[in-house]
Amino acid sequence: MTVSRRILPGSRGCALAMALVSGALAFSVHAEAPTPAPKLVFAFEETVALGDGIPVGPTPLGTRNIVPITGGTFSGPGNGAGIKGTIVPGGWDWQLIHADGCASIKADYMLKTDDGVVINVVNAGTLCRPAEGQKMTPGYTTPVFEAPIGKYEWLNSSAFVGTLDPATLDGKPAVRISFYRAE
């Protein structure tokens, strides 16, 4: 038995058109409107006490400075149940000052809630001094929290943005950090 294949006039063009249409349909399924931007909701605010900086000096990446975190306090509505406590002395803010005057910061420290739960914070960002004659604006950070399972575990599964402003605590240098949770 012999099977013959006959190509009808225009069948190649039809196949090509079908492929283009199916490709366009596949693209349109994936080209939906973008997800709406997250809303930021205030979670809590810290006032972090700082010790004297320890200058490390120039490195291949920039000028390194280490600032001890010596204590402080925090409080806020949290995720609705409230959060309050102190900052455990002993953390560090690792600063790297770049040639352009901006500083990359990475702080690693612990919070202790007033009900005894210890939470690790790693907070990183880049801070730039304003140009001459311009107003100082807050720095922005991207904090990551590690909390034990329980009342504060919501910190582990949320994305946060921090704002950082200079402050004083008991007449000594400090920073005020406000944390906002993305919803």
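The values are calculated or read from the model by the stated rules, or taken from the named source; none is laboratory data. Keep in mind it's a predicted model, so treat the numbers as computed, not measured. Virtual Cβ from ideal backbone geometry, glycine too; neighbours counted across all protein chains shown. With ligands, DNA and RNA removed, areas are computed over all heavy atoms of the protein, side chains included. Shrake-Rupley method; radii C 1.70, N 1.55, O 1.52, S 1.80 Å.
For the range 42-89, a Kirkwood hydrodynamic radius built from all Cα pairs, placed in the Stokes-Einstein relation at 25 °C and 0.890 mPa s, yields a translational diffusion coefficient of 193 µm²/s. Oblate is the label for the range 135-183. Its Cα gyration tensor axes, ordered a ≥ b ≥ c, give a/c of at least 1.5 and b/c at or above a/b. For the range 96-183, the per residue solvent-accessible surface stands at 58 Å², with DNA, RNA and ligands left out and a 1.4 Å probe.
Summing Lys and Arg as +1 and Asp and Glu as -1 over all other residues whose Cβ lies under 10 Å from the Cβ of LYS39 gives a net charge of 0. The Cα atoms of the range 37-119 give a gyration tensor whose axes a ≥ b ≥ c have a/c of 1.5 or more with a/b no greater than b/c, which makes the shape oblate.
For the range 58-112, the share of accessible area belonging to carbon and sulfur comes to 62 percent (1.4 Å probe, ligands and nucleic acids excluded). Taking the charge dipole of the range 68-183 about its Cα centre, with +1 at Lys and Arg Cβ atoms and -1 at Asp and Glu Cβ atoms, the residue from GLY101, LEU169, ALA124 reaching farthest to the positive side is LEU169. Over all other residues within a Cβ to Cβ distance under 10 Å of GLY78, the charged ones net out to +3, with Lys and Arg as +1 and Asp and Glu as -1.
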